[in-house]
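Trainee: One structure, as structure tokens, below. Some questions next.
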Amino acid sequence: MNPSEPQPTVPTAPSTATRPLALLVETAGAPWMLLAFLARLPVAMLPLTVLVSGQVLTGSFAAAGLLVGALSLGGVIGAPLVGALADRIGHRRTLVVITVPGALGILGLISLFFWTAPLGVALALAAIVGASNAQVGPLARAAWSTRFARHADARHRVEVAMGYETVADEVSYVAGPVLGATLAAVVSPVVALSVTLVLLVCGQLGFALLNPSDHTRVAPIGRRLTRPGLLAPWIAVAASVGLVFGSVQASVTASLAETAPGFTGVVYAFVGIGSATSGMLTHKLARWSLPDRVIGAGILLALAGGLLVAASLLTGGPLLHAGALALACLAVGLCVAPLLVSSYAAHRE
């Protein structure tokens, strides 16, 4: 080789081990990551916001709980439809299309504070809002996989991105309830719903604008997913956890309604804090089998529910009451992540 000739240079990839966040920012851009986070906040804000708003609107926690149930049921129905739409027309178009019914549904809920309507109308609007969940988290995860697909160390880069996505999800589910419930209880439900609406429209449309345009089609998987033996246990666990979330939201809101309504979002946020903490430590449970983890976490979750009942019955000052509820919510959250993660891993096996 002639030393006088210029030698070819081999580009070196950034080290994901030393600067993972910088790698993600360089790959996707800070605006895209910020909008992907902001677009998640409405989903995290809505359950408690709708619960507090429904109680103010109807004067009944039972009716407010029905509204949250309709919101969740709409999400169950809408999630696979949104996923199928994303596979068919691409992520960008899906985000734009699904923003329209979501925004109209929230506007409808706001209008109920100015015009009287039957409870059925409110339930239908809540269901529409739930079904219009744009599934920003899953779409962001898919976008990372697409961005890194051509890299030699794609798997490691995707793992870094998924770690960030987990943190983004947990932070949104801590910040969202605090923001939504505090605005609804301290300012007004109309303001809370309006802020949710602004975040939904700006976040989702901005995320869509910066999202890579794709029209990837995937092979149908319905036949594999409809095997009852695979789905039944996972559906049962997911439904149980959903019941826990709904019960905790309703009980915390009702318990603090008279003494410290402004603390509702802050107290409920401890569920997210506990879930985030235990989620990061779940891998340390590898010495136990997945069924043992699911059963153990389920038993502990039931005990944590008992702590929540006891905390709700505690008499004392508002701060003592709120503090006891926060600790009980933390205990519930600590049990949720191991239960969900272990159940999902068992389902995958």
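Trainee: So, in Å, what gap is there between the alpha-carbon centers of region 244-312 and region 65-91?
Mentor: The distance from the Cα centre of region 244-312 to that of region 65-91 comes to 25 Å.
Trainee: Using heavy-atom solvent-accessible surface (probe 1.4 Å) with all chains present, what is the largest-first order of ILE77, ILE98, ILE128? Please report the intermediate quantities before stating the final value.
Mentor: Working: ILE77 100, ILE98 20, ILE128 75 Å².
Solvent-accessible surface, decreasing: ILE77, ILE128, ILE98.
Trainee: With a 1.4 Å probe and every protein chain left in place, work out the accessible area per residue of region 246-349 in Å², rounded to a whole number. Please list the in-between numbers first.
Mentor: Details: 5150 Å² over 104 residues.
It amounts to 50 Å² per residue over region 246-349.
Trainee: Can you give the accessible area per residue of region 74-156, in Å², using a 1.4 Å probe?
Mentor: On the way: 4210 Å² over 83 residues.
It amounts to 51 Å² per residue over region 74-156.
Trainee: With a/c under 1.5 counting as rounded, go ahead and sort region 77-157 into rounded, prolate or oblate using the C-alpha gyration tensor (a ≥ b ≥ c being the square roots of the eigenvalues; past the cut-off, prolate if a/b is larger than b/c, else oblate). Walk me through the intermediate numbers first.
Mentor: Details: a/c = 3.63, a/b = 3.38, b/c = 1.07.
Note, shape of region 77-157 comes out prolate.
Trainee: Let me ask something additional. Classify region 73-117 as rounded, prolate or oblate, taking a ≥ b ≥ c as the square roots of the eigenvalues of its Cα gyration tensor: rounded when a/c is under 1.5, otherwise prolate if a/b is larger than b/c and oblate if not. Intermediate values should be presented prior to the final figure.
Mentor: Working: a/c = 5.63, a/b = 2.17, b/c = 2.59.
Here region 73-117 falls in the oblate category.
Trainee: Could you order MET33, MET162 by accessible surface area, starting with the largest, using a probe radius of 1.4 Å? Show your work: numbers first, answer last.
Mentor: Working: MET33 15, MET162 55 Å².
Output order, biggest surface exposure first: MET162, MET33.
Trainee: Something else: Run through every distinct alpha carbon pair of region 268-332 and return the Kirkwood hydrodynamic radius in angstroms, one decimal place.
Mentor: On the way: mean 1/r = 0.0778 Å⁻¹.
Evaluated over region 268-332, this radius sits at 12.9 Å.
Trainee: Give me the percent of accessible area attributable to carbon and sulfur for region 169-211, probe 1.4 angstrom.
Mentor: Carbon with sulfur: 82 percent of the solvent-accessible area.
Trainee: Here's something else I'd like to know. First compute the accessible area of region 83-129 with a 1.4 Å probe, then give the percent of it belonging to carbon and sulfur atoms. Can you show the working numbers first?
Mentor: Values: 1710 of 2360 Å².
Carbon and sulfur atoms account for 72 percent of the accessible area of region 83-129.
Trainee: Could you please put SER188, SER72 in sequence from largest to smallest accessible area, using a 1.4 Å probe? Let's see the in-between values first.
Mentor: On the way: SER188 30, SER72 65 Å².
From most exposed to least exposed: SER72, SER188.
Trainee: Could you tell me the accessible area of ASP87 in Å² (1.4 Å probe, neighbours in place), rounded to the nearest ten?
Mentor: Probe radius 1.4 Å; accessible area of ASP87 about 60 Å².
Trainee: Rounded to the nearest 10 Å², what accessible area does HIS91 show when all protein chains are kept and the probe is 1.4 Å?
Mentor: HIS91 has an accessible surface of roughly 20 Å² with all protein chains in place.
Trainee: Now, a different point. Given the protein chains as shown and a 1.4 Å probe, how many square angstrom of GLU159 are accessible, to the nearest 10?
Mentor: Roughly 100 Å² of GLU159 is accessible to a 1.4 Å probe.
The values are calculated or read from the model by the stated rules, or taken from the named source; none is laboratory data. Everything numeric here is computed off the predicted structure, so don't read it as measured data. Ligands, DNA and RNA are stripped out before the accessible areas are found, and what is left, the full protein with its side chains, is counted by its heavy atoms. Shrake-Rupley method; radii C 1.70, N 1.55, O 1.52, S 1.80 Å.
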